[in-house]
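The values are calculated or read from the model by the stated rules, or taken from the named source; none is laboratory data. Here the structure is a predicted model, which is why all the values come from computation and not from measurement. Virtual Cβ from ideal backbone geometry, glycine too; neighbours counted across all protein chains shown.
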Amino acid sequence: MLQYEEPVFRPPCEANSLIVQVTLGCPHNRCAFCGMYKMKKYRVRDPEEVMADLRRARLLYSHVPSIFLADGNTVAMNSEKLADIIAYARDLFPEAERVSSYGGARFLKGKPVESLRRLREAGLDIIYFGLESGDDEILARMDKGVDSAGMIEAARRIKEAGIDLSVYILLGLGGEDLWRQHAENTARVLNAMQPHFIRPRTLALLPGIPLYEEARQGRFREASGETVMRELQVMLALLEVEGAWFLSDHISNYVPIYGHLPEEREKMLASVEMALGNPGEFLAPRRLTHL
(Lines give C-alpha, C1' and ligand atoms only; values in the text may rest on other atoms or scores of the structure.)
Protein backbone atom coordinates (compact mmCIF):
# COMPACT_ATOMS: atom_id res chain seq x y z
CA MET A 1 0.00 0.00 0.00
CA LEU A 2 1.00 3.60 -0.55
CA GLN A 3 2.12 5.62 2.47
CA TYR A 4 -0.22 8.46 3.46
CA GLU A 5 -0.18 10.87 6.37
CA GLU A 6 -3.81 11.80 6.96
CA PRO A 7 -5.71 13.89 6.26
CA VAL A 8 -5.14 14.06 2.50
CA PHE A 9 -6.69 16.85 0.45
CA ARG A 10 -7.10 17.23 -3.30
CA PRO A 11 -9.16 19.35 -5.70
CA PRO A 12 -12.60 17.92 -6.55
CA CYS A 13 -11.56 17.51 -10.19
CA GLU A 14 -8.76 15.16 -9.06
CA ALA A 15 -11.20 12.65 -7.54
CA ASN A 16 -10.10 9.88 -9.90
CA SER A 17 -6.40 10.72 -9.78
CA LEU A 18 -3.56 8.83 -8.20
CA ILE A 19 -2.63 10.95 -5.18
CA VAL A 20 0.98 10.83 -4.04
CA GLN A 21 2.25 12.88 -1.11
CA VAL A 22 5.50 14.52 -2.18
CA THR A 23 5.35 17.01 0.67
CA LEU A 24 3.39 16.93 3.92
CA GLY A 25 1.38 19.89 5.13
CA CYS A 26 1.71 23.48 3.91
CA PRO A 27 4.83 25.68 4.31
CA HIS A 28 2.71 28.79 4.98
CA ASN A 29 -0.16 27.29 6.98
CA ARG A 30 -1.33 30.59 8.50
CA CYS A 31 -4.37 31.50 6.39
CA ALA A 32 -7.24 32.50 8.67
CA PHE A 33 -9.89 30.89 6.46
CA CYS A 34 -8.18 27.50 6.14
CA GLY A 35 -8.01 24.53 8.49
CA MET A 36 -6.66 21.96 6.04
CA TYR A 37 -3.13 21.49 7.34
CA LYS A 38 -3.21 22.93 10.85
CA MET A 39 -2.49 19.49 12.33
CA LYS A 40 0.68 18.96 10.25
CA LYS A 41 4.17 20.39 10.23
CA TYR A 42 5.43 21.00 6.71
CA ARG A 43 8.19 18.79 5.45
CA VAL A 44 9.47 17.42 2.16
CA ARG A 45 9.47 13.65 1.81
CA ASP A 46 12.57 11.80 0.72
CA PRO A 47 12.31 11.50 -3.10
CA GLU A 48 13.24 7.82 -2.84
CA GLU A 49 10.20 7.22 -0.60
CA VAL A 50 7.98 9.01 -3.09
CA MET A 51 9.34 6.99 -6.00
CA ALA A 52 8.76 3.81 -4.00
CA ASP A 53 5.13 4.87 -3.58
CA LEU A 54 4.88 5.40 -7.32
CA ARG A 55 6.25 1.92 -7.98
CA ARG A 56 3.71 0.43 -5.55
CA ALA A 57 0.94 2.30 -7.32
CA ARG A 58 2.07 0.91 -10.67
CA LEU A 59 1.67 -2.61 -9.27
CA LEU A 60 -1.75 -1.80 -7.82
CA TYR A 61 -3.39 0.06 -10.70
CA SER A 62 -3.58 -1.03 -14.33
CA HIS A 63 -4.71 2.43 -15.47
CA VAL A 64 -4.05 5.82 -13.87
CA PRO A 65 -5.89 8.66 -15.66
CA SER A 66 -4.09 11.49 -13.86
CA ILE A 67 -1.71 12.18 -10.97
CA PHE A 68 -2.00 14.76 -8.19
CA LEU A 69 1.11 15.61 -6.19
CA ALA A 70 0.04 16.45 -2.63
CA ASP A 71 0.11 18.10 -0.07
CA GLY A 72 -0.19 21.89 -0.06
CA ASN A 73 2.31 23.99 -2.05
CA THR A 74 4.34 21.05 -3.31
CA VAL A 75 5.92 23.34 -5.92
CA ALA A 76 7.63 25.23 -3.07
CA MET A 77 10.19 22.42 -2.77
CA ASN A 78 13.45 22.24 -4.71
CA SER A 79 12.51 22.33 -8.38
CA GLU A 80 15.13 19.84 -9.57
CA LYS A 81 14.09 17.23 -7.01
CA LEU A 82 10.43 17.76 -7.88
CA ALA A 83 11.21 17.57 -11.60
CA ASP A 84 12.92 14.22 -11.05
CA ILE A 85 9.81 12.88 -9.29
CA ILE A 86 7.51 14.18 -12.02
CA ALA A 87 9.64 12.66 -14.77
CA TYR A 88 9.74 9.34 -12.90
CA ALA A 89 5.93 9.39 -12.55
CA ARG A 90 5.57 10.13 -16.26
CA ASP A 91 7.80 7.19 -17.15
CA LEU A 92 5.85 4.83 -14.89
CA PHE A 93 2.41 6.05 -15.96
CA PRO A 94 2.57 7.00 -19.65
CA GLU A 95 -1.23 6.78 -19.84
CA ALA A 96 -1.73 9.66 -17.36
CA GLU A 97 -3.28 12.64 -19.11
CA ARG A 98 -2.39 15.15 -16.42
CA VAL A 99 0.07 15.76 -13.57
CA SER A 100 -0.91 18.54 -11.19
CA SER A 101 -0.12 20.19 -7.86
CA TYR A 102 -1.15 23.00 -5.54
CA GLY A 103 1.01 26.12 -5.62
CA GLY A 104 0.91 29.32 -3.56
CA ALA A 105 2.00 32.78 -4.68
CA ARG A 106 4.23 33.34 -1.66
CA PHE A 107 6.50 30.54 -2.91
CA LEU A 108 6.06 31.06 -6.65
CA LYS A 109 6.52 34.81 -7.10
CA GLY A 110 10.28 34.51 -6.53
CA LYS A 111 10.84 31.19 -8.30
CA PRO A 112 12.75 31.66 -11.56
CA VAL A 113 10.71 31.01 -14.66
CA GLU A 114 13.47 28.60 -15.73
CA SER A 115 12.80 26.47 -12.62
CA LEU A 116 9.08 26.36 -13.35
CA ARG A 117 9.79 25.60 -17.00
CA ARG A 118 11.89 22.66 -15.84
CA LEU A 119 8.80 21.32 -14.04
CA ARG A 120 6.76 21.73 -17.21
CA GLU A 121 9.38 19.93 -19.29
CA ALA A 122 9.36 17.08 -16.75
CA GLY A 123 5.59 16.75 -17.17
CA LEU A 124 3.75 19.12 -14.77
CA ASP A 125 0.61 20.28 -16.57
CA ILE A 126 -1.35 22.42 -14.14
CA ILE A 127 -0.94 24.34 -10.88
CA TYR A 128 -3.97 24.95 -8.64
CA PHE A 129 -3.35 28.44 -7.34
CA GLY A 130 -5.06 29.98 -4.30
CA LEU A 131 -5.76 33.64 -5.07
CA GLU A 132 -8.80 33.73 -2.74
CA SER A 133 -9.08 37.54 -3.04
CA GLY A 134 -7.52 40.29 -5.10
CA ASP A 135 -8.08 42.85 -2.35
CA ASP A 136 -4.95 43.76 -0.38
CA GLU A 137 -6.85 44.62 2.81
CA ILE A 138 -8.53 41.21 2.83
CA LEU A 139 -5.33 39.35 1.90
CA ALA A 140 -3.54 40.99 4.82
CA ARG A 141 -6.41 40.33 7.23
CA MET A 142 -6.44 36.65 6.20
CA ASP A 143 -2.65 36.39 6.63
CA LYS A 144 -2.22 35.10 3.09
CA GLY A 145 1.45 36.10 3.10
CA VAL A 146 1.40 37.95 -0.22
CA ASP A 147 -0.34 40.98 -1.73
CA SER A 148 -2.20 41.27 -5.03
CA ALA A 149 0.93 42.37 -6.91
CA GLY A 150 2.71 39.24 -5.71
CA MET A 151 -0.26 37.15 -6.83
CA ILE A 152 -0.10 38.63 -10.32
CA GLU A 153 3.67 38.11 -10.55
CA ALA A 154 3.41 34.47 -9.48
CA ALA A 155 0.69 33.85 -12.06
CA ARG A 156 2.81 35.49 -14.76
CA ARG A 157 5.69 33.13 -14.02
CA ILE A 158 3.47 30.05 -14.11
CA LYS A 159 2.02 30.99 -17.48
CA GLU A 160 5.39 32.02 -18.93
CA ALA A 161 6.69 28.56 -18.00
CA GLY A 162 3.89 27.01 -20.06
CA ILE A 163 1.96 25.56 -17.11
CA ASP A 164 -1.84 25.84 -17.03
CA LEU A 165 -3.08 28.18 -14.31
CA SER A 166 -6.18 27.20 -12.32
CA VAL A 167 -7.13 29.94 -9.84
CA TYR A 168 -9.24 29.51 -6.73
CA ILE A 169 -11.32 32.43 -5.52
CA LEU A 170 -13.12 32.39 -2.17
CA LEU A 171 -16.56 33.97 -2.28
CA GLY A 172 -17.63 35.56 0.98
CA LEU A 173 -14.08 36.20 2.17
CA GLY A 174 -14.82 39.90 2.64
CA GLY A 175 -17.82 39.11 4.83
CA GLU A 176 -20.78 41.47 4.95
CA ASP A 177 -18.55 44.52 5.29
CA LEU A 178 -16.02 44.22 2.46
CA TRP A 179 -17.91 42.19 -0.15
CA ARG A 180 -17.89 44.81 -2.89
CA GLN A 181 -14.18 45.61 -2.73
CA HIS A 182 -13.51 41.87 -2.59
CA ALA A 183 -15.53 41.37 -5.79
CA GLU A 184 -14.07 44.35 -7.66
CA ASN A 185 -10.44 43.75 -6.78
CA THR A 186 -10.64 40.01 -7.34
CA ALA A 187 -11.96 40.68 -10.85
CA ARG A 188 -9.13 43.19 -11.37
CA VAL A 189 -6.47 40.65 -10.43
CA LEU A 190 -8.05 37.87 -12.49
CA ASN A 191 -8.07 40.21 -15.48
CA ALA A 192 -4.36 40.82 -14.97
CA MET A 193 -3.64 37.10 -14.57
CA GLN A 194 -5.71 35.80 -17.51
CA PRO A 195 -5.93 32.28 -16.01
CA HIS A 196 -6.99 29.17 -17.88
CA PHE A 197 -9.48 28.18 -15.16
CA ILE A 198 -11.33 30.12 -12.44
CA ARG A 199 -12.71 27.95 -9.67
CA PRO A 200 -14.93 29.65 -7.04
CA ARG A 201 -15.40 28.25 -3.56
CA THR A 202 -17.59 29.80 -0.88
CA LEU A 203 -16.26 30.51 2.59
CA ALA A 204 -17.50 28.00 5.15
CA LEU A 205 -16.79 28.74 8.80
CA LEU A 206 -16.18 25.40 10.46
CA PRO A 207 -14.77 24.76 13.96
CA GLY A 208 -10.98 24.63 13.88
CA ILE A 209 -10.65 27.39 11.30
CA PRO A 210 -9.17 30.60 12.80
CA LEU A 211 -11.79 32.80 11.11
CA TYR A 212 -14.50 30.75 12.82
CA GLU A 213 -13.31 32.12 16.16
CA GLU A 214 -13.24 35.68 14.81
CA ALA A 215 -16.85 35.30 13.69
CA ARG A 216 -17.86 33.77 17.03
CA GLN A 217 -16.32 36.76 18.81
CA GLY A 218 -18.09 39.23 16.49
CA ARG A 219 -14.93 40.42 14.72
CA PHE A 220 -16.00 39.00 11.35
CA ARG A 221 -19.53 39.16 9.93
CA GLU A 222 -20.15 36.14 7.73
CA ALA A 223 -21.68 36.99 4.35
CA SER A 224 -25.22 35.80 3.72
CA GLY A 225 -26.13 33.77 0.67
CA GLU A 226 -27.62 36.88 -0.93
CA THR A 227 -24.41 38.84 -0.34
CA VAL A 228 -22.31 36.03 -1.81
CA MET A 229 -24.47 36.05 -4.96
CA ARG A 230 -24.25 39.83 -5.30
CA GLU A 231 -20.49 39.52 -4.96
CA LEU A 232 -20.41 36.89 -7.71
CA GLN A 233 -22.68 39.05 -9.88
CA VAL A 234 -20.31 42.03 -9.63
CA MET A 235 -17.26 39.86 -10.23
CA LEU A 236 -18.64 38.15 -13.33
CA ALA A 237 -19.75 41.46 -14.80
CA LEU A 238 -16.23 42.91 -14.41
CA LEU A 239 -14.25 39.93 -15.70
CA GLU A 240 -12.33 40.56 -18.90
CA VAL A 241 -10.61 37.25 -19.45
CA GLU A 242 -10.24 35.43 -22.73
CA GLY A 243 -10.67 31.69 -23.04
CA ALA A 244 -11.07 30.86 -19.34
CA TRP A 245 -13.37 28.22 -17.91
CA PHE A 246 -15.40 29.30 -14.87
CA LEU A 247 -16.07 26.12 -12.90
CA SER A 248 -18.14 26.07 -9.71
CA ASP A 249 -17.02 22.56 -8.81
CA HIS A 250 -17.22 22.54 -5.03
CA ILE A 251 -19.77 21.50 -2.41
CA SER A 252 -19.40 24.85 -0.60
CA ASN A 253 -21.03 26.84 -3.43
CA TYR A 254 -24.71 27.77 -3.28
CA VAL A 255 -25.36 27.42 -7.01
CA PRO A 256 -23.46 25.36 -9.61
CA ILE A 257 -22.40 27.90 -12.22
CA TYR A 258 -20.29 26.82 -15.17
CA GLY A 259 -19.29 28.50 -18.39
CA HIS A 260 -16.61 29.63 -20.80
CA LEU A 261 -15.56 33.26 -20.73
CA PRO A 262 -16.32 35.62 -22.25
CA GLU A 263 -19.01 34.09 -24.47
CA GLU A 264 -21.08 32.45 -21.69
CA ARG A 265 -20.98 35.33 -19.21
CA GLU A 266 -24.63 36.28 -19.73
CA LYS A 267 -25.77 32.69 -19.18
CA MET A 268 -23.88 32.59 -15.88
CA LEU A 269 -25.21 35.98 -14.80
CA ALA A 270 -28.73 34.74 -15.51
CA SER A 271 -28.12 31.85 -13.11
CA VAL A 272 -26.98 34.29 -10.42
CA GLU A 273 -30.07 36.45 -10.98
CA MET A 274 -32.30 33.37 -10.73
CA ALA A 275 -30.75 32.52 -7.35
CA LEU A 276 -31.17 36.09 -6.11
CA GLY A 277 -34.80 36.01 -7.22
CA ASN A 278 -35.45 32.78 -5.32
CA PRO A 279 -33.37 33.06 -2.14
CA GLY A 280 -35.54 30.65 -0.16
CA GLU A 281 -34.87 27.91 -2.68
CA PHE A 282 -31.21 28.54 -3.48
CA LEU A 283 -29.65 30.68 -0.74
CA ALA A 284 -30.83 29.17 2.53
CA PRO A 285 -28.16 28.87 5.26
CA ARG A 286 -25.91 25.88 4.59
CA ARG A 287 -25.35 23.01 7.03
CA LEU A 288 -21.86 21.95 6.05
CA THR A 289 -20.06 19.67 8.47
CA HIS A 290 -16.94 19.15 6.34
CA LEU A 291 -15.39 20.25 3.04
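Applying the condition of being at pLDDT 95 or above and among the β-branched types (V, I, T) to region 205-252 and asking which residue is surrounded by the most Cβ atoms within 10 Å (Cβ to Cβ) yields V228. Can you tell me which residue is surrounded by the most Cβ atoms within 10 Å (Cβ to Cβ) among those in region 174-196 that are out of contact with any Lys or Arg (no Cβ under 9 Å at 6 or more places or on another chain) and among the hydrophobic types (A, V, I, L, M, F, W, C)? Going through the qualifying residues, I end up with L190.
Among the residues making up region 253-268, those that are part of a strand (DSSP E or B) and crowded, with 18+ Cβ neighbours inside 10 Å are G259, L261.
Annotation: of all residues in region 14-26 being touching a residue at least 24 places away in the same chain (Cβ under 8 Å), out of contact with any Lys or Arg (no Cβ under 8 Å at 6 or more places or on another chain) and of a type outside the set (D, E, K, R), the one that is nearest to F93 (Cα to Cα) is L18. Any residue at all in region 153-161 that is touching a helix residue (DSSP H, G or I) at 6+ places or on another chain (Cβ under 8 Å), closer than 21 Å to P210 by Cβ and buried (at least 23 other Cβ atoms within 10 Å of the Cβ)? Checked region 153-161: no residue is touching a helix residue (DSSP H, G or I) at 6+ places or on another chain (Cβ under 8 Å), closer than 21 Å to P210 by Cβ and buried (at least 23 other Cβ atoms within 10 Å of the Cβ). Here are some conditions: (1) more than 21 Å from V234 (Cα to Cα); (2) in contact with a helix residue (DSSP H, G or I) (Cβ under 7 Å, 6 or more places away or on another chain); (3) polar (S, T, N, Q). Q217 meets all but one. Which one does it not meet? The failed condition is (2).
The numbered conditions (1) of a type outside the set (V, I, T); (2) assigned to a helix (DSSP H, G or I); (3) free of Cβ contacts under 8 Å to residues at least 60 places away in the same chain; (4) out of contact with any Leu (no Cβ under 9 Å at 6 or more places or on another chain) are all true for R55 except (4). Looking only at residues of region 63-83 that are among the charged types (D, E, K, R) and under 28 Å from K38 (Cβ atoms), we find that the one that is farthest from the chain's Cα centre (by Cα) is K81. Taking the criterion of being under 17 Å from the mean Cα position of the chain (by Cα) and farther than 18 Å from Q194 by Cβ, the residues of region 139-157 that qualify are L139, M142, D143, K144, G145, V146, D147. In region 90-136, which residues are hydrophobic (A, V, I, L, M, F, W, C), surrounded by fewer than 19 Cβ atoms within 10 Å (Cβ to Cβ) and free of Cβ contacts under 8 Å to residues at least 40 places away in the same chain? The answer is L92, and nothing else. A single member of L170, L206 is over 20 Å from S79 (Cα atoms) and assigned to a strand (DSSP E or B), and it is L170.
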